[in-house]
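Please read the structure below before turning to the comments.
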Amino acid sequence: MSAPRVGGTRQRDAYRLLWRWHFYAGVFCLPFVLWLACTGLIYLFRPQVEPWLDRSYAHVTDAPAQPASAQVAAALAAVPGTVLNAYELPASPHAATRILVGQGGELTRVYLDPASLRVLHVVRENDRFMRVIFYLHGELMLGTAGSMLVELAASWTILLLLTGLYLWWPRSGRPGGTLYPRLTHGGRVFWRDLHAVTGVWVSLFALFLLVSGLPWAKSWGGLLRDARQYMAHAAVVQDWTIGSADERRQIATANTPADEHAMHADMAGMAGMKGMQDAGMHPVAPVDYSALDRLLPAVVAQQMASPVLISPPSAKRPTWSARSDADSRPLRADLSLDPVQGRVIQRVDFAQRPLLDRLIGYGVAVHEGVLFPPLNQILSALTALGLITMVCSATVLWWRRRPKGTLGAPGALHRPRYAPAFVCLVCALGVLLPLLGASMLLVLPIERLLLRRLPRAHHFLGLAPATHPHAAQ
C-alpha cells in the first residue's frame, strides 16, 4: 500500500507516523474485519432465514388447540428434567407451538402440534443456525476469550478507519481517487482507488456498527453495565447480555423456580444444620402451569410485537411475566402478570426504559439491520460488502508492493514527532476503548525495548529509520 502524497516536511512526517499506525492496525485487524463482515452479513438476514428454516412448522394443524398448560406438559415430557422457561404465543392458530424448556444454563426449543400434542422437533437453542452465527460473530465460538479478542480487534479497527479517513480525505480539490475511482488508470491505481473510495463511503456507517456492537463485548460491555447500574434510579432488567457466560448465568437464573431459589436461600442462612433431613426440608412443589391458560387472553389483548414469550416465576423474576422479543428493540414491551385473576399488573414499554437503555436499544437495532427495514438491512449489507472489498484490495496492494523479506511497513522516523491532534485522538480512544489503550501501552515498550534490539525483527518490521524523506510516499 502507498500513502497519498503531501507537501511540506512536517506534514510528511505526520503522514508517515499516521501511515505506520494505519498499516500495523490493518495487519492485525484485517482478518478479523473479514470474519466480522462475513458473519455479520449472514446474521443480517436472520428475519428472512429463520422463517425459511422453520417453514415446515408454519402450518401443522387445522384442529382446535389443546390448552397451553397441556402443551407445556408435553414439551416437558419430551425433555425430562427440565422446567418451563417460556411459552411462545403461536404466530397463527395453524402453526406449531414453540416452547422453551431449560435446565441449568441450557435452553431447548420444542416444536409440537398444538392439537394432538405430538412433538415435531427438539433442538438445543444454541445449536440453531443463527445462534451459531451469532456466537461466531461475537465470540469466535471461544467464549470470554473470543469476546475479548473481538473487542480488541473492533477497537483497533476504529483507529484504523479514523486514520484511513484522515489519510485519504481529498485536499487537492480533485475528488478523483477518493470520492470516485479513476477507472481509466488501471493496474495499481485501480486497487488503490478501490480501497480508498470504498473506505471513504462506508467508514462512517462501519464506525457506527463497531461502536453499537461494543455493549455485547465482555470488557467494554461490563464497564457500561457497571456505569448503568451506578446511574440507574430504579432497578430495570438489562435488555442485552454481555457474552455467552453472562447469558448462561441469566438463563440459569430463569430456569430456577422461585420457590426453589427461596428454599436454597433459607437453607444457606440456617446455622448448625447437618442436612436437609435435619432441617425438615421437603422436595419443592411443582409449578402450577395451569395459570398459563388464564393469562393467555390478557397477554394476547396487549397486542405486543411478536414473538411474545410468557414465563413462570423464577429466581430471575418472582412473578409470572411476558415480554416481546421482537427483533427491533424499540418495539419491545414487558408485562407483569397476576396468575390468579389472569390480568396484567404492569406494562413497561421501550419508551419508559432509562435513556441509556433506549440509546443502546436503537444502536443494537441498527446494528442488526432491523430498525427501519428494509433500508437498514440494505445499508448494513452494503457496509459489510464494502469492508470485504477494502480488506481484499488492501491485501492485494500490500502483496504487490511488499519488499522481499520484509513486512512492507512504511519506514520509521529517526525522531518521530507526533502531531498534537493525533496524540489527543489516541489518548481519547485509549480512554474510551480500554482494551485499545492497554494494548497500545503494551505495544510501545515492546517495540522500543525489545523489537528494536532484535536485528531480524528490526529489519522485517520496518523499524529502521527511513533513509529518504519520501520513503513513506
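Computed values, structure above
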| item | result |
| --- | --- |
| Residue tally, condition out of contact with any strand residue (DSSP E or B) (no Cβ under 7 Å at 6 or more places or on another chain) and at pLDDT 90 or above, over region 248-306 | 14 |
| The listed residue being at pLDDT 85 or above and within 30 Å of A333 (Cβ to Cβ), out of A365, A384 | A365 |
| Hey, V101 closer than 15 Å to V123 by Cα and either under 31 Å from the mean Cα position of the chain (by Cα) or of a type outside the set (V, I, T) (or both) or not | yes |
| Subset tally (residues that are over 21 Å from R131 (Cα atoms), outside any loop (DSSP other than H, G, I, E, B) and touching a residue at least 24 places away in the same chain (Cβ under 8 Å)) for region 76-111 | 3 |
| Test: residue in region 55-66 that is in contact with a Ser or Thr (Cβ under 6 Å, 6 or more places away or on another chain) and over 29 Å from G369 (Cα atoms) | no |
| Lone qualifier among S380, S393, S336, S311 - being hydroxyl-bearing (S, T, Y), touching a residue at least 60 places away in the same chain (Cβ under 8 Å) and under 23 Å from A254 (Cα atoms) | S311 |
| Lone unmet requirement of (1) more than 21 Å from F23 (Cβ to Cβ); (2) more than 19 Å from the chain's Cα centre (by Cα) for G213 | (2) |
| Given (1) in contact with a Leu (Cβ under 8 Å, 6 or more places away or on another chain); (2) within 30 Å of P374 (Cβ to Cβ); (3) crowded, with 21+ Cβ neighbours inside 10 Å, index of the condition T39 fails | (3) |
| Selection within region 300-321 - more than 30 Å from the chain's Cα centre (by Cα) and within 13 Å of Y87 (Cβ to Cβ) | V300 |
| Residue check for R46: of a type in the set (K, R), over 25 Å from the mean Cα position of the chain (by Cα) and on the phi < 0 side of the Ramachandran plot | no |
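This table checks each residue for (1) at pLDDT below 95; (2) of a type in the set (S, T, N, Q); (3) within 28 Å of V370 (Cα to Cα); (4) surrounded by fewer than 19 Cβ atoms within 10 Å (Cβ to Cβ).
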position	(1), (2), (3), (4)
G26	yes, no, no, no
Y43	no, no, yes, no
Q71	no, yes, no, no
L76	no, no, no, yes
I99	no, no, yes, no
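The values are calculated or read from the model by the stated rules, or taken from the named source; none is laboratory data. This structure is a prediction, so every number in the text was calculated from the model and none was measured. FYI the Cβ positions are ideal-geometry reconstructions off the backbone, even for glycines, and counts take in every protein chain you see.
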